[in-house]
Amino acid sequence: MQVIILSWEYPPRVVGKLADYVRELAVRLVKNKIRVYVVTYHDFLTGLHEEPEGVRTCRITNPVKTHIGVLTWVLTLNQEAERVTANIYYDADKQINLIDAHDWHFIPAAVTLKKAFNLPFIYSIDSLEDHRSHGANSPFNMSIKSIEWLGMYEAKKILVKSEWMRDEAHRIYKVPIQKIKVVKPKSQTWMKDVLEAYMKTGGGSVSR
Amino acid sequence: MSRRLSVMMLTWEFPPRIVGGISPHVYHLSKSLAKNGVKVYVVTCDFPGAPGHEILDGVEVFRIDSYKNPSSNFATWVYLMNINMQNEAAALVNRLNGEVDIFHAHDWLVANAGVGLKHVFRKPLLVTVHSTEVGRRNGIHSDYQRMIHETESWLTYEAWKVICCSDYMVSHVKWAFGLPEDKIRMIPNGVNAEEIGKAKKTDLSRFRRKFASPEEKIVLFVGRLVYEKGPHVLINAIPKVLQKVNAKFVIVGNGYMKEPLSSIARSKGLAHKVMFTGFVDDETLRSLQACADVSVVPSLYEPFGIVAIEAMAARSPVVVSDIGGLSEIVEHDKTGVKVYVNNPDSLAWGIVEVLLNEGYANRIKDNAYKRVQEKYNWDKIAQQTRDVYASVLDSYAKSFWAET
């Protein structure tokens, strides 16, 4: 099974706790015989690398340097995510099983790649705009929420890290509860649950 | 290639959605390409009452759900709209089994969608640069403007070839984005001379009386009433013209300078000689152009100057300022009169030259009409565009992308 993970943070670039979570996830997946590519952002460390634990990373930078906020910054970064993801896809003879997009940043890319290649994606939620912005409804917040909505609507499966978040995603975005799966990071069944969701979504198997 | 060459146009405006010049440009270009055997898909923003999918003059048009929630500003809306445009275009190309040979983007307004589609489907991207942020704003003065400028730069960087509509724009784009010259192609903008010429054939004397008395010559200005179009230069030229010839100045268009301009005209005691019509429909405009004794384009900045070409197609003699695209369109004393930029005396001289010499006026307007038919003809423009497509596909065929 081959998976492309999209995350706007990944060590050495750490913004919040998502970076370490995604790294832990990628390393554990590799140990479980899954080929993992991580597409992530860095100011200048660009290009494809195989890291010591076997995770293949591809870091991208923003083609448009001047921005008026995080939203427009993210929106011009997505095309670079699409470019390198497409390159990985073609170089792998199109044998990619699924994309796992973490939080809203690369949802536009995930949706385009789904529409173009019939490649399913999982939307892994770490946090939601409604909580980050304390319910604020300015056009800026609404734009991010509309991208989160798009992700929920287009994803084949939504992974959350707690029952609370499952209920919140259901409450805010009216996502059918069956579409959401809880995978608890520190629990015994975490990796097993993630793998199960990957198999169901990507249709691949673990090559041993 | 066994099947027809096929191109997907990306544009934020397409009739009936008309904001500026890109909409009629893409419409005529697409229609003429289709007539020349190219399969054209247009992906554009939706518009109330216009169908989501239709075949219009041989062109297959898809109108996407443009982002309709409130946005913080125009550029943010553009980027958000591009998410939808790119997704719907990707789904469409997928349904067509990838049978799109070229993506052709028009201005930065579709930059994201164009660049994304290029890489996802590994097909060449072309861009037509209609205008630039640095040109529109006469420099870059804020982060917001710089963001748009860099988006334009990114688009031209990603494009296989960059099309500009005048030699002036070629040199401007080369300077603004640091592009190598061999990446840029000049293909002029076009007009539909037959359609515009139609108005001339009907009797317009009654129509004319709504704007001027029979003994008054009509001097026509068409354009947005903004600084770079130079309407103030015309207002300041009026007294000099009236010393020599009895004329009425008809000013068509709207803009933030409308009030100041009409108050200047009033304070100079010229109110009865100037008429501000505001925005008029196409038919009225064509009739006005047909009965104008002279059309003036006193712009201070002009990437192309379509309004001069439309006047020439309507067989109205033109007086233009010698700048930008206008310098290339008009050949002085042959197809029109060129005057110094931002110089009311020079403009008045040019207007009087045309109004007092009927033989001269007739000669330049006949020459101008012929020139428009030869050079700014959509059929010819479509063939030139097709040639650019062919040469791009030629080099594409030798790249490793062609094998994926």
Do any residues in the range A:47-61 that are β-branched (V, I, T) have Cβ atoms under 7 Å from those of residues that are assigned to a loop (DSSP other than H, G, I, E, B), where the two are at least six apart or on different chains, and which pairs are they?
-> A:T57/A:E51; A:I60/A:T46; A:T61/A:H42; A:T61/A:D43; A:T61/A:F44; A:T61/A:T46
Cβ pairs under 7 Å, 6+ apart or interchain, first in the range B:125-149 and over 19 Å from B:S23 (Cβ atoms), second among the basic types (K, R), ordered by first then second residue, are B:L125/B:K118; B:I140/B:R146; B:Q145/B:R137
For A:E9, work out the one condition from (1) closer than 20 Å to A:D193 by Cβ; (2) among the acidic types (D, E); (3) crowded, with 18+ Cβ neighbours inside 10 Å it doesn't fulfil.
-> (1)
Quick check: is even one residue across the range B:333-353 in a helix (DSSP H, G or I), in contact (Cβ under 8 Å) with a residue 60 or more places away in the chain and touching a Ser or Thr at 6+ places or on another chain (Cβ under 9 Å)?
-> yes
Out of the residues in the range B:98-125 that are in a loop (DSSP other than H, G, I, E, B) and more than 12 Å from chain A (Cβ to nearest Cβ), state the one that is surrounded by the most Cβ atoms within 10 Å (Cβ to Cβ).
-> B:D107
Scan the range B:269-288 for residues that are out of contact with any helix residue (DSSP H, G or I) (no Cβ under 7 Å at 6 or more places or on another chain) and more than 30 Å from B:N192 (Cα to Cα) and report the count.
-> 2
Spans of helices (runs of 4 or more DSSP H) in the range A:6-125 with at least 1 residues away from chain B (no Cβ under 13 Å) = A:18-31
Going by the structure shown, is B:S30 buried (at least 18 other Cβ atoms within 10 Å of the Cβ), at pLDDT below 95 and among the polar types (S, T, N, Q)?
-> no
Here the qualifying pairs (Cβ atoms under 6 Å; residues six or more apart or on different chains; first in the range B:377-404 and within 14 Å of chain A (Cβ to nearest Cβ) and over 17 Å from B:T128 (Cβ atoms); second of a type outside the set (F, W, Y) and surrounded by 13 or more Cβ atoms within 10 Å (Cβ to Cβ)) come out as B:W401/B:R122; B:T404/B:R122
Check A:K17 against each of (1) within 26 Å of A:I144 (Cβ to Cβ); (2) buried (at least 21 other Cβ atoms within 10 Å of the Cβ) and name the one condition it does not meet.
-> (2)
The condition of being within 14 Å of chain A (Cβ to nearest Cβ) and aromatic (F, W, Y) holds, among B:F177, B:F207, B:F211, B:F221, only for B:F177
Inspect the range B:349-370 for any residue being polar (S, T, N, Q) and either touching a helix residue (DSSP H, G or I) at 6+ places or on another chain (Cβ under 7 Å) or modelled with pLDDT under 95 (or both) and give the result as yes or no.
-> no
Helices (runs of 4 or more DSSP H) enclosed by the range B:219-317 - at least 1 residues per element that are free of Cβ contacts under 8 Å to residues at least 40 places away in the same chain and more than 22 Å from B:P24 (Cα to Cα) | B:231-242, B:258-267
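The values are calculated or read from the model by the stated rules, or taken from the named source; none is laboratory data. Just so it is clear, the structure is predicted and the values come from calculations on it, not from any experiment. Here the Cβ is made from the backbone with ideal geometry for all residues, glycine too, and neighbour counts use every protein chain on show.
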